[in-house]
Structures are given as C-alpha cells and as structure tokens.
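Notes follow the structure.
The values are calculated or read from the model by the stated rules, or taken from the named source; none is laboratory data. All values derive from a computational prediction rather than experimental measurement. Note: ideal-geometry Cβ built from the backbone for every residue, glycine included; neighbour counts use all protein chains shown. The area values use the complete protein model at the heavy-atom level, side chains included, leaving out ligands, DNA and RNA. Shrake-Rupley method; radii C 1.70, N 1.55, O 1.52, S 1.80 Å.
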There are 2 protein chains.
Amino acid sequence: MAKRSIRDLLRAPAGFTTLDELDPAATPGAREKARAIADLPELLRELSSQQEQLWAEHTRSLLLVLQGMDTSGKDGTIRHVIGGLNPAGTKIVAFKQPTAVELRHDFLWRIRRGLPEPGQTGIFNRSHYEDVLVVRVHRLVPRPVWAARFARINAFEQELGAGGITVVKVLLHISKREQRERLLARLDDPTKRWKFRPGDLEERKRWPAYLRAYDDVVRRCSTPAAPWYVVPADRKWYRNWAVSQLLLETLREMDPHYPQPSFDPAIYRAKLAAERD
Amino acid sequence: MAKRSIRDLLRAPAGFTTLDELDPAATPGAREKARAIADLPELLRELSSQQEQLWAEHTRSLLLVLQGMDTSGKDGTIRHVIGGLNPAGTKIVAFKQPTAVELRHDFLWRIRRGLPEPGQTGIFNRSHYEDVLVVRVHRLVPRPVWAARFARINAFEQELGAGGITVVKVLLHISKREQRERLLARLDDPTKRWKFRPGDLEERKRWPAYLRAYDDVVRRCSTPAAPWYVVPADRKWYRNWAVSQLLLETLREMDPHYPQPSFDPAIYRAKLAAERD
C-alpha cells in the first residue's frame, strides 16, 4: 500500500506549465512492479466494496474522466479497474466525434446526458475536454469559441461537485515513443488490429499540437473542486495501480455507508416467519 | 461442458402452459455443483472472448432480457456473468417504475432508447415485459391496453432481430419458499438490507397473480425469433452457469470475428519504422 497519498503525488502542481516536465515512465508512490501487481486484487476488492456502498446509498456519485492520447490506455483502464466493480452501479460513456444532433447543441449538452445517476460510478471515456482538444487542434471552431470553454468547463465541474458528483480527472500521460510501440502492436496482433485506424498516424503527426492543448487543459482546468491527476502511463501495471489508488482514496474520503433502514427489520422478519405455505 | 444444448433444455416448450410445472430447484444440463462452479471461470473466459469479437465487429448486438420475481437474482446474474465481460462493450439498463415523462410516451419508447448500440452486449434488468406484468397485476392500465401489448412486443422483438439485435430472454424462476429465505437474508445482513423495501412483502402477497401474468408472458411471447428461456434459479450456482451457457451458445452461433483490416498493415508498419524521433 502507498504510504503517501497518491492524489498528492499525482495532482497537477500549482505552478504547472507543461507535460514535458513529467516523465511518462515514472512510477510515483509505487515501490516495484511485482509488488504493485500483487497488490492490485486486494485494492480492487476494497474499491468494489466502497463502490457497492456508494451504490447502496443512492445519493452521491463518482465520475472518472479519462483523457489521453490515442493508445494511452483508456480502454485498458476501464477493463482492468472498472471491470472489477459491480456493473449495475457503473455507467460508462464513450464520447466520440459529435453527431449531427449533438453539434446542434451546446458542447455540454451530450455531457450532461451522460452523467452518472445518484449512487453510480460514472466513467467518461473522453469527455467535454475533447471540445478544447481535438476541436482546437483540428480548428473545428474558431479560437474565441474554444477559448471561452475553459471557464465554462470549470463552472460546470463546480456545479457537478455542488450537485453531489465527485469528479476525478485522469490524464493518461504516455510518451510518443511508447505510442509507436503500441501502434505497432496493434498492427501486428490480429486481435488488436481493429483498434487501429489509418488516421491514427495523421493524429500522431499532430503530437506537439495535442501536447500544447493538453498543457492548457491542465493549466486552466485544474481547480480545487476538480484537479487534474497526471498518471504516467507508459507502464500499464503502474497505470492500473495508480488509477485504482486514486479512486480508492477518493471513495475513502467520500466514506459511503450502507444506509440505515427506515423500517424495523424485526417486524418484517416476524411477518415472513408467520407465513404458512 | 454441457453435452446437450442448454438452449434446447431451457427453451419454453411449444405446449407451455404454466411455470408451476417447472421445478425452480432443477439443474438441467449441469452435472453437479462443484463441477459447474469449477467450470465457470473458463466459461466466462470464452464468453468474454466472443463478446470482445462482437464488440470489434461493431455491427451486430446481443441483448439479454432479465426478468423474474423480486430476489430471483437479476442483480446477482449481472454481477457474476456480465461482470466478467469488457465493460466498454456492455450496456446495462435497469427499468424501474416509469417516470412521468416516460408515462407520456408509448411503453416501448424508453425501451428503444435503452437498446445496445452495434457491437454492444445489452442487458435489460427488467424490461418492456413489466408493462404486461406489474402493470397488469396492479391494474395500472385497463385490461384491453395491456392485453394488446403481447402482439406489440412480439412485433418489436422481431424488428430487433431484423435490425441485427439477437435477443436472449431469460426468466429467472424461483420458488416462493426460496424468496422467503432471500428476503430474510436481506433483513439479517446489514450489507444487504438496503435491497429490502417494506413493499416487497406486499408484492409477495401477489405471488399467484404474478405467476399467472408470467405464464401469459411465456405462452404469448415465446416466439421463434425470441424464445423465452426459463432458468431454474433457486440455486445461484446453477443460475450463473446456465445464463453463461445460454449467452455463450448464442454467441457461438452468431460467430463474431475480428474484422479484416480495410488497409495494408505493412504500409503503416513501415511508416512508423521510418520515423526519426
């Protein structure tokens, strides 16, 4: 178990300027690979137990926002971390290229529709941040339009917090070199090839532009209400361990409990016992 | 592994009349408890592999419709069977008492909105059948209204099949005696008590009325396109094993495959190899 708070270790620092200064292969808070891998099942068990109590409470929600370059491991995180939770209490939404209908609405419209319900653990596979990332890099809207969104996003996330949704924003930070390895793996493995699209290499050429866009995201939208956690993601074992720890620490602080019954169980126990059948 | 098709064993027979004739504690197709429990992980691995390929195809869908009395194990099935699948490729929707907005629409309106997307494995925790079950038992609409729905449902499910959604309808069949045990367990266990509502005992008094309504559901809506499978559910180990087998047999017949790439992987491999960074 990590002795130091993983949130303190991974939270974007106050004077954050650029992702270039953060090593994608680092493993803050973890002692060694074998140990982190061995610890994961117990971590996931406690995570699952906490999430079950959040679900039982049916009042507050947790929302994990996953962002990162292609191949940074958003799907893998969902499979390995979220896959351990009770699926009834989770809600996973993948935000892709906006549809025609979605484009006719404000950019937060589809996001609000995807929010977790009370008690649920929501996972955004990409999110409203795409509207200041891909939209900016591809110049899909004029600069003043996307530039105005940082403040909108901060207000939105503050509103979520006030409404009982605790937001955990995770940026999976990989190196360009690691992305090449993962793209090659997708090309080589017939069970992974479907994840590769020729356009992935065009996006890869825009790596510096995406990095700068991510820098702004972290600089401008890491707030006390919803800080960004930058998770070094070149090592998958670390990524899984770190995201599990982040969620667990957050849930421990939320401290959910099975609700006290609003009725006297003894009365209903007696009724059932008195049945003749 | 079952030698005989579990679908053949559990499909409601042509001359079906009543659930009274089916033993909720039976274990058709399974040899013994220890063996079924030992076989489950391997079963779930193959299920997960098939589901991953369905997801990769992104064309067809699978829809598991779960119905059953309170405590029949819908949530447990989702946790133990669906919990083994890649959560990104699944979509779980729980249908509760209709909201005011939902009531203003046709009963299938909210159902259509909950359908799985291409590639997804959808799970309905309760479904459109509530509109001929609870709605009938509680006389929420006049008889002619609910009575007309059987034909609507059959047409709807045929439409789903034509649209590429394979429907697997599972009725979790428990005994009234077993329900008592499970309600008592919920009352006794502080981690389960939140699942108990005082109204559960009122519903239990309507057991015969629900049984007759379920009889009609199976009689009138078990069609070649979407048959009902009646899964004896007094034994949880059998329920998990049988539902996994049903899904696996269905997926094997659908026979999904990782899609062939529409591009030449060698070209992109060469491009990545030629990079200097």
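Chain A comes nearest to the axis taking it onto chain B at the Cβ of one residue; that residue and its distance, in whole Å, are A:Pro87, 3. For chain B, the mean residue ellipticity at 222 nm estimated from helices alone is -14000 deg cm²/dmol, where every DSSP H run of n ≥ 4 contributes -39500 (n - 2.57) and the total is divided by all residues, rounded to the nearest 500. Computed from Cα atoms alone, the Kirkwood hydrodynamic radius reported for chain A is 20.1 Å.
Carbon-plus-sulfur fraction of the accessible area of the protein assembly as shown, 1.4 Å probe, in percent?
Answer for the protein assembly as shown is 52 percent, counting heavy atoms of protein chains only.
Between the range A:207-277 and the range B:88-107, what is the C-alpha centre distance in whole Å? The two parts, judged by their Cα centres, are 25 Å apart.
Is the C-alpha gyration tensor of the range A:166-277 telling us rounded, prolate or oblate? Criteria: a/c under 1.5 is rounded; beyond that, a/b larger than b/c is prolate, otherwise oblate. Each step should come with its number before you reach the end.
Numbers: a/c = 3.89, a/b = 2.07, b/c = 1.88.
Cα axes put the range A:166-277 in the prolate bin.
In this calculation the C-beta distance from A:Ala94 to B:Val145 is compared with R0 = 35 Å, giving a FRET efficiency of 0.40. Mean partner shielding of peptide A:32-38, defined as the number of other chain Cβ atoms within 10 Å of each residue Cβ, is 0. Comparing A:Thr223, A:Thr71, A:Thr191 in a Gaussian network model of chain A, where Cα atoms under 10 Å apart are tied by springs, the biggest mean-square fluctuation is seen for A:Thr191. Relative to the Cα centre, the charge distribution of the protein assembly as shown, modelled as +1 at Lys and Arg Cβ and -1 at Asp and Glu Cβ, gives a dipole magnitude of about 480 debye. Using a 7 Å projection from Cα along Cα-to-Cβ, the label point at B:Phe16 is separated from the same position in the remaining copies by 5.5 nm, smallest value first. For A:Lys74, A:Lys96, B:Lys176, the ranking by accessible surface with the largest value first comes to A:Lys96, B:Lys176, A:Lys74, using a 1.4 Å probe. Taking the chain by itself as reference, the range A:252-277 contains these residues with an accessible-area loss of 40 Å² or more in the full protein complex (1.4 Å probe, heavy atoms): A:Tyr258, A:Phe263, A:Tyr268, A:Arg269, A:Leu272, A:Glu275, A:Asp277. Here is how far apart the A:Leu211 label points are across copies: 7.1 nm, shortest first, using a point 7 Å from Cα toward Cβ. Here the relative contact order of the range B:130-277, from alpha carbon pairs under 8 Å that lie six or more residues apart, stands at 30 percent.
Here is how far apart the A:Leu115 label points are across copies: 2.9 nm, shortest first, using a point 7 Å from Cα toward Cβ.
May I ask for the net charge around A:Arg186, where only other residues with Cβ less than 9 Å from the Cβ of A:Arg186 are counted and Lys, Arg are +1 while Asp, Glu are -1? Can you show the working numbers first?
Working: positive: A:Arg182, A:Lys192, A:Arg193, A:Lys195; negative: A:Asp188, A:Asp189, A:Asp200.
Spelling it out: positives minus negatives among the neighbours equals +1.
When a/c is below 1.5 the answer is rounded, else prolate if a/b is larger than b/c, else oblate, so apply that to the range B:1-142 with a ≥ b ≥ c taken from the square roots of the Cα gyration tensor eigenvalues. Judged from the Cα gyration tensor, the range B:1-142 comes out oblate (a/c at least 1.5, b/c at or above a/b).
Which entries in A:Lys192/B:Lys236; A:Lys74/A:Lys169; A:Lys169/A:Lys205; A:Lys271/B:Lys33; A:Lys195/B:Lys74 show an alpha-carbon gap greater than 24 Å? Long pairs (Cα-Cα over 24 Å): A:Lys192/B:Lys236; A:Lys169/A:Lys205; A:Lys271/B:Lys33; A:Lys195/B:Lys74.
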